[in-house]
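Taking it in order: structure first as C-alpha cells, then the write-up.
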4 protein chains.
Amino acid sequence: MSETNVNTRLEAFCDGVFAIALTLLIIDIKIPATAEIHTTEDLWGALRHIIPSIFAFLLSFIIILITWVNHHAGLKLVNKSSPSFIYANGVMLLTVVFIPFPTSLVGEYILTDHAAPAVVLYNSILAFQSVGWILMTGACLKDRLYKSETSIPTIRENNKYGYYATAIYSLFAILAFWFLLTMAIITTITWIFWLVVGINITHE
Amino acid sequence: MSETNVNTRLEAFCDGVFAIALTLLIIDIKIPATAEIHTTEDLWGALRHIIPSIFAFLLSFIIILITWVNHHAGLKLVNKSSPSFIYANGVMLLTVVFIPFPTSLVGEYILTDHAAPAVVLYNSILAFQSVGWILMTGACLKDRLYKSETSIPTIRENNKYGYYATAIYSLFAILAFWFLLTMAIITTITWIFWLVVGINITHE
Amino acid sequence: MSETNVNTRLEAFCDGVFAIALTLLIIDIKIPATAEIHTTEDLWGALRHIIPSIFAFLLSFIIILITWVNHHAGLKLVNKSSPSFIYANGVMLLTVVFIPFPTSLVGEYILTDHAAPAVVLYNSILAFQSVGWILMTGACLKDRLYKSETSIPTIRENNKYGYYATAIYSLFAILAFWFLLTMAIITTITWIFWLVVGINITHE
Amino acid sequence: MSETNVNTRLEAFCDGVFAIALTLLIIDIKIPATAEIHTTEDLWGALRHIIPSIFAFLLSFIIILITWVNHHAGLKLVNKSSPSFIYANGVMLLTVVFIPFPTSLVGEYILTDHAAPAVVLYNSILAFQSVGWILMTGACLKDRLYKSETSIPTIRENNKYGYYATAIYSLFAILAFWFLLTMAIITTITWIFWLVVGINITHE
C-alpha cells in the first residue's frame with residue numbers, strides 16, 4: 001500500500017496545475033469597458049462581441065478536463081516513478097499551462113480574416129501535448145512503472161494513440177495556414193467527439 | 001478503505017478549482033489609478049466607488065463557499081466513480097470557474113441603469129450550476145455510486161432540489177430583464193438565507 | 001484513524017486558498033512599461049519605484065505564511081468538524097483572499113501623503129482576520145471538535161488571543177487615520193516579531 | 001506510518017505554490033492588441049515579438065519544475081518537522097512566488113540594450129533560492145528531521161551544493177551588470193544542464 005503512494009505528490013502537483021490552468025482561462029475574458037457603455041443595448045452588444053472568447057474558453061475547458069480525466073485514468077495504472085516519467089509529466093504540464101495563451105488568441109481573432117496564426121498555434125499546442133503523452137507512456141513502458149503486467153497492452157495502446165494524435169494535430173496546424181475556419185471547426189468537433197466518447201466509455 | 005480513495009483525486013482537483021475561483025475573485029477589484037488621486041479624500045472617494053465590486057465579490061465568495069460545502073457533503077455519500085459522474089462534476093466546475101466573469105460585470109454595472117445583462121447573466125450561471133447538481137446526483141443514482149443504500153433518499157432529495165433551483169434561478173434571470181435591482185437584491189437574500197441555513201443545519 | 005480524515009478536504013481547500021493568495025501577491029507588481037525606458041539607468045530607476053510594492057508584497061507574504069502555520073498548528077488539535085467550524089474557516093479564508101487588494105493599495109500609495117486609507121484598510125483586514133480566529137476557536141470549543149481534552153487550554157488561549165488581536169488591529173486601523181506611516185511601521189514590526197517568535201517557539 | 005504524515009500539509013501547501021507559480025507564468029505573455037493587427041502578416045509579426053517572453057517563460061518553467069522535483073526528492077528523506085524547517089520552506093516558496101516578476105522583466109527587455117537589471121534580478125532570485133535550500137537542509141540537520149541516519153550524507157551534500165549555488169548565482173548576478181547577454185545564455189545553459197542531469201540521475 002505504501003507503494004501506491006509514490007505518485008501522490010506528483011498527482012497533487014499535476015492536479016494543481018490542471019485546476020489552475022482551467023480556472024485561469026476565465027481571466028482572459030475581459031468585461032466591456034464602462035466608458036463605452038451607455039445603454040442596456042450597448043452592454044448586450046458588447047457581451048455579444050465576447051461570444052468568440054467564450055467559445056474558445058469552453059473548447060479549452062473541455063480539452064483540459066478531458067486531458068485531466070485521461071491523466072487520472074493513466075496514473076491509476078502506474079505505481080512507481082522515475083525521473084524520465086516525472087519530466088515527461090512536466091512536458092505534458094507545460095502544454096496545459098500554455099493553453100490559455102492560444103485560447104485567448106483564438107477568442108480575440110477567430111472572427112477576423114487574419115486568424116490563421118491563432119488556429120495554427122492552437123493545434124500546434126495540441127500536437128505538442130500529444131508528444132507529452134508519448135513521452136509519459138514511453139517512460140512507463142521503458143522504466144516498468146505499471147502496477148501489473150496486465151496494464152501493458154493499455155499503456156502501449158495509449159502510446160500508439162499519442163503518435164496518431166501528434167500526426168493529426170500537426171496536420172490540423174499545417175492545414176490551418178489556409179483553411180483556418182474549417183480547421184477551427186474540425187478541432188472543435190474532434191473534442192466534442194472525445195467528450196462524448198469519454199462520457200460513455202468506462203475507464204476501469 | 002481503498003474503495004473510499006477512488007474519488008481522492010477528483011476531490012483534490014475540484015478543491016483546487018474551487019479554491020482558485022474563490023481567490024481569483026479578488027483580482028477583478030482593481031485599485032484606483034494613482035494619476036487621479038491627489039488627496040486622502042480622493043482616495044477615500046475612489047475606494048467608495050469600488051463598494052459595488054466588493055459587494056459582488058462577497059456574494060460570489062459566499063456562493064462558491066456554500067457550493068464547496070455542498071460538494072464536500074455530497075461526495076461524502078459517494079465511494080465509487082463513473083465517467084458520467086466525473087463529467088457531471090466537470091459541468092459543475094465549469095460554472096464555478098465562470099463565476100468571476102458575471103461577478104465582475106455586476107460589480108461594474110450594478111449602480112448604472114443598464115445593469116440588466118449583468119444580473120441576467122449572473123442568475124443564468126446559477127441556473128446552469130443547478131443543472132450541474134442535477135447531472136451529478138443523477139449520475140450517482142444511475143451508476144449506483146453511493147456508499148450505502150441509506151444515502152439514496154438524501155441524494156434523490158438533492159436531485160429534486162436541483163430541479164427547483166434551476167427553475168428558480170432561470171425565473172430570476174428572466175425577471176432581471178425588467179426588475180434588475182429587485183432581482184439582484186432577491187438573489188443576495190436567497191444566498192444569505194442559504195448561508196444561515198448552512199451554518200445551522202447539520203450535514204451528517 | 002478514519003476520524004482524523006474528517007478535515008482532510010477542508011485542509012486541502014484551505015491550503016489551496018492560502019497557496020493561491022500567496023502567489024497572486026506577485027501579479028500586482030507590474031513590470032515597468034517599455035515605452036518609458038530608454039537606458040539601463042531608466043530601468044533601474046523604474047525598479048526603484050516599485051520598492052514600496054515589494055515591501056508590501058513581503059509583509060503580506062509573511063502574514064499569509066504565519067497565518068497558514070497557525071492554521072496548520074490549530075487544525076492538528078482538531079479531528080471533528082461542524083457547519084459553524086467550516087463557515088468560521090470561510091470567514092478566515094475570506095480575509096486571506098482579500099489581502100492582495102490592500103497590499104496592492106499600500107504598495108502604490110505608502111510613499112504619498114494620502115496613504116491613510118491604504119493603511120486603515122490593511123489593518124482593518126487584519127482585525128477582521130482575528131475575528132475569523134475567534135469564530136474558529138469558538139466553534140472548536142462549542143462543538144467539542146478537539147482531539148483530546150488536553151487541547152482545550154490551548155484552544156481557549158488562542159480564542160483569547162483572537163480577541164486581543166482584533167482589539168489591537170482595530171486600534172491600529174483607527175490610529176492610521178492620523179499616523180499612517182507610524183502605523184505602517186508598527187504593523188510591520190509586529191509581524192516581524194511574530195515571525196521571530198514563530199521560528200523559535202515549538203508548535204507541538 | 002502516522003509519523004510520515006507530519007509533512008503532508010506542508011507538501012500540499014508547497015505543491016500548491018509551485019503549481020500556481022508555474023501556471024501564472026503564462027499570464028504575463030499578453031496577446032497582441034487587436035487595434036494594431038490588420039493582416040495575417042501583422043499577427044505573425046506580433047507573435048514573433050513575444051518570442052523572448054516565451055523563451056523566458058520556458059526557462060522559468062524548467063527552473064520551477066526542477067526545483068519542485070528537488071523539493072519532492074528532498075522531502076522524501078524527511079519525516080519530522082520543526083518551525084525553522086517550515087519557515088525555511090517559506091523562504092524557498094518566497095523565491096518561487098517571486099520568479100514570475102523577473103521572468104516577465106527578462107522577456108520584455110532581453111533584446112534591448114538596457115536589459116542588465118532584468119538579468120541581474122533574475123540571477124539574484126536564483127541566488128536567494130539557493131539560500132532557501134541552505135536553510136532547509138540546515139534545519140533538517142540541526143533539528144534531526146531525517147527519516148534515517150543514512151540520509152545524513154545526502155542532506156549534507158545538498159546543503160553544500162546550496163552554498164556553491166548561492167556563490168555561483170551571485171557571481172552571475174554581478175557579472176550581468178556588464179555581460180548581460182552572455183550571463184543570460186550561461187544561466188540558460190546551466191539549467192538545461194540541470195534538466196539533462198535530472199532526467200538521467202536516479203532520485204531514490
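Give just the number: which of (1) in contact with a Ser or Thr (Cβ under 9 Å, 6 or more places away or on another chain); (2) closer than 13 Å to C:Asp28 by Cβ; (3) surrounded by fewer than 22 Cβ atoms within 10 Å (Cβ to Cβ) does C:Gly74 not satisfy?
So the condition that C:Gly74 fails would be (2).
Restricting attention to the stretch B:93-117, which residues are within 18 Å of B:Ile64 (Cβ to Cβ), within 8 Å of another protein chain (Cβ to nearest Cβ) and not hydroxyl-bearing (Ser, Thr, Tyr)?
Result: B:Leu93, B:Leu94, B:Val97, B:Phe98, B:Pro100, B:Phe101, B:Leu105.
Just for the stretch A:9-26: of the residues that are within 7 Å of chain D (Cβ to nearest Cβ) and among the β-branched types (Val, Ile, Thr), which one is nearest to A:Phe85 (Cα to Cα)?
A:Val17
Determine which member of the set B:Ile62, B:Ile31, B:Ile51 is farther than 22 Å from A:Phe18 by Cα, out of contact with any Cys (no Cβ under 8 Å at 6 or more places or on another chain), away from chain A (no Cβ under 11 Å) and surrounded by fewer than 18 Cβ atoms within 10 Å (Cβ to Cβ).
Just a single option satisfies the conditions, and that option is B:Ile51.
For residues that are assigned to a helix (DSSP H, G or I) and within 12 Å of chain A (Cβ to nearest Cβ), scanning just the stretch D:179-204, find the one that is modelled with the lowest pLDDT.
Our first condition is that a residue be assigned to a helix (DSSP H, G or I); within the stretch D:179-204, this holds for D:180-200.
Next, only the ones that are within 12 Å of chain A (Cβ to nearest Cβ) stay: D:194-200.
On the way: D:Trp194: 80, D:Leu195: 82, D:Val196: 80, D:Val197: 76, D:Gly198: 75, D:Ile199: 77, D:Asn200: 72.
So the residue we want is D:Asn200.
Can you name the residue in the stretch A:94-118 that is under 17 Å from A:Val17 (Cα atoms) and touching an Asp or Glu at 6+ places or on another chain (Cβ under 8 Å) and, of all such residues, is surrounded by the most Cβ atoms within 10 Å (Cβ to Cβ)?
Out of the qualifying residues, it is A:Thr103.
Only one of these conditions is not met by A:Thr150: (1) away from every other protein chain (no Cβ under 14 Å); (2) more than 20 Å from A:Ser81 (Cα to Cα). Which number is it?
Only one criterion is unmet by A:Thr150, namely (2).
Of all residues in the stretch C:165-178, count the ones that are assigned to a helix (DSSP H, G or I) and more than 18 Å from the chain's Cα centre (by Cα).
Adding up the residues that qualify gives 2.
If you take the residues of the stretch A:155-189 that are among the hydroxyl-bearing types (Ser, Thr, Tyr) and surrounded by fewer than 17 Cβ atoms within 10 Å (Cβ to Cβ), which of them is nearest to D:Glu41 (Cα to Cα)?
A:Thr182
The values are calculated or read from the model by the stated rules, or taken from the named source; none is laboratory data. A quick note: this is a predicted structure, and the numbers were derived from the prediction, not measured. Because the Cβ atoms are built from the backbone with ideal geometry, glycine has one as well, and the counts that use them run over all protein chains shown.
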